[in-house]
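Just so it is clear, none of the values below were taken in a lab; they were calculated from the coordinates. In this text, all values refer to a predicted model and were calculated from it rather than measured experimentally. Backbone-built Cβ (ideal geometry, glycine too); neighbour counts: all protein chains shown.
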Amino acid sequence: MEYKGLSLEEAAREVIQKKVPELGGDGGIIAIDKDGNIVMEFNTEGMYRASMNAKGELQVAMYKD
């Protein structure tokens, strides 16, 4: 992120959508930056994931929404 000046979302997208497939892989990542921003990027049909915000609101998902 720092080297390329990317946001958390941009960095996660570049790694999961470009770098990992170039290496013949697939998968996903749940990443959190220093400001508490959350990114759940994946290049598969689905990925189990969940997060909770500061208000205690829970978000649970499996497929791309």
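One table, with the values for the structure above:
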{"quantity": "Charged-residue dipole, Cβ positions (Lys, Arg, Asp, Glu), the chain about Cα centre, Debye nearest 20", "calculated": "60"}
{"quantity": "Relative contact order, percent, the chain [alpha-carbon distance under 8 Å, six or more residues apart]", "calculated": "23"}
{"quantity": "Positive-end residue of 40, 56, 12, charge dipole of the stretch 8-63 with Cβ unit charges", "calculated": "56"}
{"quantity": "From phi via Karplus (6.51, -1.76, 1.60), per-residue ³J(HN,Hα) for the stretch 18-34 in Hz, x at Gly/Pro", "calculated": "10, 5, 4, x, 4, 8, x, x, 8, x, x, 8, 10, 10, 10, 9, 5"}
{"quantity": "Rounded if a/c under 1.5, otherwise prolate or oblate - the stretch 8-63, Cα gyration tensor axes", "calculated": "oblate"}
{"quantity": "Sorted peptide list for 45-56, 3-14, criterion being average Cβ within 10 angstrom, highest first", "calculated": "3-14, 45-56"}
